[in-house]
Amino acid sequence: MPDTGLALRVHDTLTRRKVRIDPGVERGRKLLRLYVCGVTPYDSGHIGHAFTFCTYDVMVRFVEAGGVRVRYVQNVTDVDDPLFERARRDGVDWRELAEHELAIHVRDMGALGWRVPDFMPRVSGEIATILRAASKLHAQGYAYKTDALYFDASRYRGYGKLSHRTRRSMIRKLREENLLGTVGPGAKQDALDFPLWRSSKPEEPAWPSKFGEGRPGWHIECSAMAMRYLGEQIDIHGGGRDLAFSHHESERAQSECLTGKIPFARTWMHTGLVRYEGRKMSKSLGNLVLIPQALERAPAAAVRLYLASHRYGRDWEFRWSGLAQAARLAERVHALLAGERAGVGTAQPEVVGVGPLKSMAAGTRRLLDQFNRALADDLDTPRAIRVLRAAVREGDAPAVRWMMGILAGTASLT
């Protein structure tokens, strides 16, 4: 089995430095455990979502191409306030809304050549697991019950270190996101405490528990699902940068208190935010570029190349002119690969090393080595695309075919 001989290094949010990803071994084979926070399926996905999920798709394909298996979990938050609010607004059942929007998400990401995660657990199907985690935290003295079951953030000394925020900054962000809640008698004891289990409104789903009928808090959902499918310690926990606080900060705290094992995640990896028309692209602001809108203007492989032309950890501005430029590159790739219509990756990569082979031409080996080194260095996809352009200029179809398999997966070239 060929091996790139390179170790992937990525930027760790907690330490603010590049760290080497060193997967463990399961049944005699290296295995990287990856958890990425997925969608709350209440509205159509946009390019900001695509940027995050395609970033991890590139990483998974690159790691698996080097002979390391990835166990990839991406959750579906189908029990959450935005979903219930939208269902009430539209007069539909929350389960129907979640099912409809999740199907659109899977369709859109499939069009973008997505490597489907190994597991996509839904919160609604994991209530028993979540309740066990919340109950254990309560039994251990890390949580208290008033009007809800709250995690006592003061019991975790490192709260705030992941997001590098002061107490004042954390409280300000909670207030901005309407997550501060009520502090006082009969409610939570401190502004930074957060619910593990809460009561449901009349129109919302509720499950029985010793804490009363209700539903889980947001943060405990991901801790419970990550541990169920990946174990008590994972290699990489990923998501958008806007999740660093309060979601990932709280998830880290409760997970390490729950198990006593530190760290819960060896690396915290966050993608930047995508702006459009000068502001962060978001559903609340309405300044969205939906994935189907981008696919109307350019082939799916071009959309993938455009997303990959930006460093994953930085914020950037979506521009239609940038997508058009990526479409021209995809057209040149299509011509070079003798009319192949789809990307050359596989929907579910097998664990086979596909780095430079001795039987390859020297030029191809050189290009693939440059490409591999770019991705191994904090997933530097813009640099990798520069190598792809060089391969296209040199007319090296084998190198281009393999690079596109990593950068664009199975996305269509036409």
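The values are calculated or read from the model by the stated rules, or taken from the named source; none is laboratory data. Everything quoted here is computed from the prediction, not taken from an experiment. As a convention, Cβ positions derive from the backbone with ideal geometry for all residues, glycine included, and neighbour counts pool all protein chains shown. We work out accessible area using only protein heavy atoms, side chains counted, and drop any ligands, DNA or RNA first. Shrake-Rupley method; radii C 1.70, N 1.55, O 1.52, S 1.80 Å.
Things worth noting here:
- Working note: Karplus 6.51/-1.76/1.60 with θ = phi - 60° gives segment 255-269 the couplings 5, 6, 5, 5, 9, x, 9, 10, x, 5, 10, 6, 9, 10, 10 Hz, where Gly and Pro are set to x.
- A simple packing score, the average count of other Cβ atoms within 10 Å per residue, orders the peptides 362-374, 219-231 as 219-231, 362-374, with the highest score first.
- Cβ crowding within 10 Å averaged over residues, with 177-190, 138-151, 63-76 ranked highest first: 63-76, 138-151, 177-190
- Violating pairs (Cα-Cα greater than 22 angstrom) within the set 188/261; 30/136; 188/280; 18/161; 161/201; 201/283: 188/261; 30/136; 188/280; 161/201; 201/283
- Backbone phi angles across segment 66-78, fed through the Karplus curve with coefficients 6.51, -1.76 and 1.60 (θ = phi - 60°), yield HN-Hα couplings of x, x, 9, 6, 10, 9, 10, 10, 10, 7, 10, 8, 9 Hz in residue order; Gly and Pro are listed as x.
- Where the chain is the region considered: accessible area per residue in Å², 1.4 Å probe: 43 Å²
- Farthest towards the positive end of the charge dipole of segment 77-127, among the residues 121, 100, 83, is the Cα of 100, using unit charges on the Cβ of Lys, Arg, Asp and Glu.
- Put a plus charge on the Cβ of each Lys and Arg, a minus charge on the Cβ of each Asp and Glu, and nothing anywhere else: the dipole of segment 45-157 about its Cα centre is then about 540 debye.
- Residues whose amide H lies under 5 Å from that of residue 240, counting only those 5 or more places away or on a different chain, are 271; hydrogens are built 1.01 Å from N in the peptide plane.
- According to the Cα-based calculation, Rg over Rh for the chain is 0.99, with Rh computed by the Kirkwood formula.
- Full extension of the chain segment joining residue 139 with residue 175 gains 10.0 nm, where the gain is 0.36 nm per residue of separation less the Cα-Cα distance.
- Estimated purely from DSSP H runs of n ≥ 4, each contributing -39500 (n - 2.57), the mean residue ellipticity at 222 nm for the chain is -12500 deg cm²/dmol once divided by its residues.
- Stretchable slack from residue 325 to residue 389, in nm (0.36 nm times residue separation minus alpha-carbon distance): 21.8 nm
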